[in-house]
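All of the numbers you see were taken from the coordinates with simple rules; none came from a lab. It should be emphasised that the depicted structure is a prediction, and the values quoted were computed from it without experimental measurement. Note: ideal-geometry Cβ built from the backbone for every residue, glycine included; neighbour counts use all protein chains shown.
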Amino acid sequence: MSNPDDLTRNTDVVIVGGGLAGLFCALKLAPRPVTVISAAPLGQGASTAWAQGGIAAAVADGDSAEAHAADTVAVGAGLVDEKIALGLAREASARIHDLLHYGVPFDHDLEGKLAVGREAAHSARRIVHVRGDMAGRAIMSALIEAVRKTPSIRVIEGYVAEELLTLDGAVTGLQLRKVGDGTAKPVIIASRAVVLATGGIGHLYAVTTNPAEASGLGLAIAARAGAIIADPEFVQFHPTAIMAGRDPAPLATEALRGEGATLINDKGERFMLARHPLAELAPRDIVARGVFAEIEAGRGAFLDARQALGAHFAERFPTVYASCMAAGIDPAKQPIPVAPAAHYHMGGISVDARGHTSLKGLWAGGEVSSTGAHGANRLASNSLLEAVVYAARIAEDIGGNPIAAPARLPAAPTTPQNCAMPPLTEKTLRAMMTSHLGVIRHGDRLAEAVRAFAVIERNTGNIVLRNMATTALLVAASAWARRESRGAHYRVDYPSERPALAHRTMTTLASARQIAASLSGRAPARTVEHAS
Ligand SMILES: Cc1cc2nc3c(=O)[nH]c(=O)nc-3n(C[C@H](O)[C@H](O)[C@H](O)COP(=O)(O)OP(=O)(O)OC[C@H]3O[C@@H](n4cnc5c(N)ncnc54)[C@H](O)[C@@H]3O)c2cc1C
């Protein structure tokens, strides 16, 4: 790891995040010098490493980018940007070949062609995978090795980006701090180009599949700098997190249902049959609500792979098998207890087709961004695809500009002290996200959450908690403002989709704060802006 003290020199491009989006972008920018900042050591603290299914790519005979894009649009509940979805599907094959070139050992069939699996709501087998459920780990270890061998990439591990610095509306650098050291002095970096690749927001929820680093900090710092945030209310809940008493909850990949595993309650009934023609392979939001309803009704929900996999479970899905066995469940012989868990954020920092945000000098890629590809509900295994496609586009966009002298070193912003996190408040925030902004939402509870998060955001002296509350506020305010149910956003007080609201949300932190103020009786109400 490099010494962060000399970072102010030669920081032409800074990438924040060491998951798929960040590392792929750094490799694509080579030999241009880049600095990658990662809160956790590479390989840890990144959702990428935990991906079990794989990457969606229409590479099989008889499949097409058009069919892949059509499935993406169908799942997105009217909010997918069709051009963006098609672009993503068309670039999939080239990016898979890049990954093969970096050493990712994707599975091949006996004819030497890429082996493809099936996942929910895909009309064809198109999930490129590694040794069953090992895709994420294999992708990360290949990319980390490639990054370590690339002299133009400097990696700073164990530092968290806590603020973006701006001058005349342009991003000119960022402020970092050593993770877990409340007394450490902040490090200020000047940079011409900042790429945020900080992942998702799942860990803002008490029940989640995401690592602790996925707490929405990247989204928060962009929003605080004034960036436009898109669709923050749309959070995908994975229907089959394993209830093993762990935080985060281990995942039972959707590929299990693709291979025939069924969802049953404690009476052994397949409850999804009555809910959707595709039953267990219905879109995620519908399956998540089905699982949630069984649990709420006291019947419990279980994933049953006894018939579909039985004795082959360990060999076909080694990661899930290990998680189950660690919890004392033998999935070859017993149904696995499951529940929905916050899993993926469709919303994020709004970016254009090049991955550029609304702020000069700032790009965003991977889960922290919102490209328009997912709409109100992500199609399984499209997120790793989006991360590689946009990381490559960002590298191309930045690469097209000459290397300039480092930006003027901006003054350090006045920020609160990074005192040790008060655990109770973080716990309260996460519990409230799960209870008030979960699978089923209600206007009154959304308003309550908006008010609570606004108070934390305004008053806390802890930067990490403030940034968590910033993102939570954006999610809650937009969920409150969207008075309908659509995709993953389901409101019992507005249970139907409203055609007039078939627009993406484009909002800012100022808008979210204004909603909070109006709900607290402190200022007139203003709704979130919707793009036409
Ligand atoms: C259990 C699980 C299984 C999944 N399975 C699949 C799948 O099969 N297929 C699929 O397409 N998608 C899957 N997803 C979703 C997918 O893994 C993620 O959307 C994707 O990996 C995000 O990549 P990323 O590079 O944007 O972020 P990540 O891989 O999460 O990396 C984020 C990086 O940013 C760092 N970071 C965060 N905040 C800061 C900060 N403030 N300062 C410095 N560094 C910071 C983190 O330490 C990390 O290095 C899965 C997700 C989970 C949790």
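Observations
- Couplings 3J(HN,Hα) of the stretch 493-498, computed from phi: 7, 9, x, 10, 6, 10 Hz, in residue order, whole Hz [Karplus 6.51 cos²θ - 1.76 cosθ + 1.60, θ = phi - 60°; x for Gly and Pro].
- Coupling constants for the stretch 261-275 follow from the phi torsions by the Karplus curve (6.51 cos²θ - 1.76 cosθ + 1.60, θ = phi - 60°), and in residue order they are 5, 10, 9, 10, 9, 6, 9, x, 7, 7, 5, 6, 4, 7, 9 Hz; glycine and proline get x.
- Packing-based exposure ordering (other Cβ within 10 Å, fewest first) of Cys25, Cys324: Cys324, Cys25
- The chain: antiparallel DSSP beta bridges as a percent of all, rounded to 5: 65 percent
- Highest to lowest packing among 452-463, 383-394, scored as the average C-beta count within 10 Å: 383-394, 452-463
- Full extension of the segment from Arg131 to Ala244, taken as 0.36 nm per residue of separation minus the current Cα-Cα distance, would add 38.3 nm.
- Where only DSSP H runs of four or more residues are counted, the chain gives -10000 deg cm²/dmol as its mean residue ellipticity at 222 nm, each run worth -39500 (n - 2.57).
- Take every Cα pair under 8 Å whose residues are at least 6 apart in sequence, average their separation, divide by the length of the stretch 199-356, and the relative contact order is 34 percent.
- Reduced Cα scattering model of the chain, Debye log10 I(q)/I(0), q = 0.08 Å⁻¹: -0.46
- Neighbour counts of C-beta atoms inside 10 Å place Thr172, Thr471 in the sequence Thr172, Thr471, starting with the fewest.
- Working note: Karplus 6.51/-1.76/1.60 with θ = phi - 60° gives the stretch 468-473 the couplings 4, 5, 4, 5, 4, 5 Hz, where Gly and Pro are set to x.
- Exposure proxy order (Cβ contacts within 10 Å, fewest to most) of Trp50, Trp480: Trp50, Trp480
- Contact order for the stretch 255-341, expressed relative to its length and based on alpha carbon pairs under 8 Å spaced 6+ residues apart, stands at 31 percent.
- Built amide H within the under 5 Å cut-off of Ser369, gap 5+: Ile349
- Label positions at Ala293 and Met325, each projected 7 Å from the Cα along the C-beta direction, are separated by 3.7 nm.
- Take every pair of alpha-carbon atoms less than 8 Å apart whose residues are at least six positions apart; their mean separation over the length of the chain yields a relative contact order of 20 percent.
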